[in-house]
Amino acid sequence: MSGVFAAALRAGPLVLDAAIGTRLIAQGLDLRDDDPAFWNLTHPEEVARCHELDRHAGADIVLTNTFGANRVWLGRWNRAAEFAEINRAAVTLARSSGAMVLGSIGPTAWNSSDPSALLAQAEVLLEAGVDGLILETFTGVNAIEAVASLRSITSGPIIASVFDPGDYGAQLADAGADVVGVNCAHPVDAARMLMELDAQLPLLWKPSAALPERYALTPSEFAAPVSDLIRHGVRLLGGCCGATSDHIAAIRRLIPVVEAR
Ligand SMILES: [Zn+2]
C-alpha cells in the first residue's frame, strides 16, 4: 500500500469521522422517500457541514456520503442514472473539509442481482480522486468477495469494515484488504471483536454511538475503549450510527496528533 493514506497510517493512529446518515435524518431527511446520497445534490451545504464539524473535531479522514450511492439502490427512486453525478458531488464535498477522503461503499449493490453496480460506483469514486475505498457494514463473508472484486480495479487502499468479523481476518487479507475493521456495533462489542481478530493487518473501529430504544452513549462513554484499542494496535477510529462530531472530539482527545512521515 502506498500513497497519502498509507503514509499517514504508518505514522500513527488516525481519527475517522462520524456517520452522516443519522445526522441528516436528525436534520429532517425522511428515509421513506429520500436517501442520504441525494443530499449531496439537494442539500450540499448540510453534507459539507457534517464534514467540516468532524474535521474541526479532529478527524484526519472523512468518508464520502455515498453509502447507498449505487445504481441499484438509487433505482428504487428511478434515479439510477444520477449515481455517477452523486458520487462525484460527494467527493467534492468531502474534499472541501481538507481531510483525507475515503470513498464509502455500502452493501446494497453487492447483495443485489447486479453486483457489478458496486464496481461501477467504485470506479467513479476512484476517478474523482478518493485516497482509498471503504466497504462498510458488510458481512464478513460478502466482504471477502467484494474486496477481491475491488482489487481487480485498483491498487490503492481498500478497507473492509464488517459487523461480524469472526474468523474472516486472514481471508480478507488474502483477498487484498489493507485494513480490516468493525463498524455499526456497540463500541464495547466492536472492541471485543477486534481483539479476537487475527488479521495481521491494521484494524479499524467505527462503532455506533446510539441504537434507537437500545442505547445512546455520551461522547466519553463512547470513547471508553479507545486507549485499550490503541495499545492493541487499532489504527483507525471513528463513529457510525448516532455518532456526532462530539464523539469524534472525544476520540481525538485520547490520540495525539502525528505528522505523516
Ligand atoms: Zn451504523
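The values are calculated or read from the model by the stated rules, or taken from the named source; none is laboratory data. Bear in mind that the values here come from a model prediction, so they are computed numbers and not experimental data. Please note: Cβ atoms are built from the backbone with ideal geometry, for glycine as well, and neighbour counts cover all protein chains shown.
Here are a few things to note about the model shown:
- Only one of the numbered conditions (1) part of a loop (DSSP other than H, G, I, E, B); (2) touching a Leu at 6+ places or on another chain (Cβ under 7 Å); (3) more than 16 Å from the ligand (Cβ to nearest atom) is not met by Ala173, and that is (1).
- Residue match in region 171-181 (condition: touching a residue at least 60 places away in the same chain (Cβ under 8 Å) and of a type outside the set (Lys, Arg)): yes
- If you go through region 177-200 and keep only what is in a helix (DSSP H, G or I) and either surrounded by fewer than 17 Cβ atoms within 10 Å (Cβ to Cβ) or within 13 Å of the chain's Cα centre (by Cα) (or both), you end up with Val188, Asp189, Arg192, Met195, Glu196.
- Annotation note: Cβ proximity below 6 Å between a residue of region 9-25 that is within 14 Å of Phe67 (Cβ to Cβ) and a residue that is among the acidic types (Asp, Glu) (sequence gap 6+ or interchain) occurs for Asp17/Asp54; Ala18/Asp54.
- Count of region 33-59 residues which are assigned to a loop (DSSP other than H, G, I, E, B) and either of a type in the set (Gly, Ala, Ser) or surrounded by 24 or more Cβ atoms within 10 Å (Cβ to Cβ) (or both): 2
- One residue alone among Thr108, Thr137 is outside any helix (DSSP H, G or I), under 17 Å from the mean Cα position of the chain (by Cα), touching a residue at least 40 places away in the same chain (Cβ under 8 Å) and farther than 24 Å from Leu203 by Cβ, and that residue is Thr108.
- Test: residue in region 201-215 that is among the charged types (D, E, K, R), within 16 Å of the ligand (Cβ to nearest atom), over 19 Å from the mean Cα position of the chain (by Cα) and over 21 Å from Leu135 (Cβ atoms): yes
- Residue check, Asp167 modelled with pLDDT of 95 or more, away from the ligand (no atom under 15 Å from the Cβ) and among the acidic types (Asp, Glu): no
- Of all positions in region 3-12, at least one carries a residue that is closer than 18 Å to Glu127 by Cβ and buried (at least 16 other Cβ atoms within 10 Å of the Cβ).
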